[in-house]
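Engineer: Just dropping this structure here.
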């Protein structure tokens, strides 16, 4: 534990503890969506009007804080979604996340002395999701991905590359299944 504190520093450790308390409040299944949105805004997130966030979780809040979360108007987040705020997540208007969607903004195999750091150095990159996109249940979106307007991510897909607007992708890794009308 002391090695971890040395590596991240006291300030980051304190931000981590504050984030743990904030996330505990937000995870409550008893907290109704309007109050969850209100709390997120209070913590610094920018969430548009008429957006609904069911019980979801956040990790790495100590990195960007909730300021790293930006959702447009009329967005919907289903139960048990998880958002990694190591970098920013930006969503346009009318974005829908079905249940258990995972949005990652970083990769890190461990502390600086982990033997895999040489081969897989830590990196973080924002995720951007265009207006009207739909993300199916259990989909995973990796760091640095941009999803175009009105794109559809099929349930269970793992998105490893950018997705063009008006495109349906699915599979592991996600591949184009078809283009939808524009």
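Just so it is clear, none of the values below were taken in a lab; they were calculated from the coordinates. If you're wondering where the values come from, they're calculated on a predicted model, not measured in any experiment. Positions of Cβ are backbone-derived with ideal geometry, glycine not excepted, and every protein chain shown enters the neighbour counts.
Engineer: Determine, for 118, 20, the number of other Cβ atoms within 10 Å of each Cβ, and report the residues in order from fewest to most.
Structural biologist: Details: 118 8, 20 11.
Least to most surrounded, the residues fall as 118, 20.
Engineer: Counting each DSSP H run of 4 or more residues in the chain as -39500 (n - 2.57), what helix-only mean residue ellipticity at 222 nm follows after dividing by all residues, to the nearest 500 deg cm²/dmol?
Structural biologist: -6000 deg cm²/dmol
Engineer: Take every Cα-Cα pair in region 35-87 and report what % of them are more than 16 Å apart.
Structural biologist: 35
Engineer: Can you put 160, 96 in order, fewest other beta carbons within 10 Å first?
Structural biologist: 160, 96
Engineer: Could you identify which residue out of 25, 69, 85 has the top mean-square fluctuation in a GNM of the chain using Cα springs shorter than 10 Å?
Structural biologist: Maximum fluctuation in the GNM of the chain, among the listed residues, is at 25.
Engineer: Let me test this: with uniform point scatterers at the alpha carbons of the chain, what is the Debye-based log₁₀ I(q)/I(0) at q = 0.14, 0.15 1/Å?
Structural biologist: Debye intensities relative to I(0), on a log10 scale: -0.77, -0.87.
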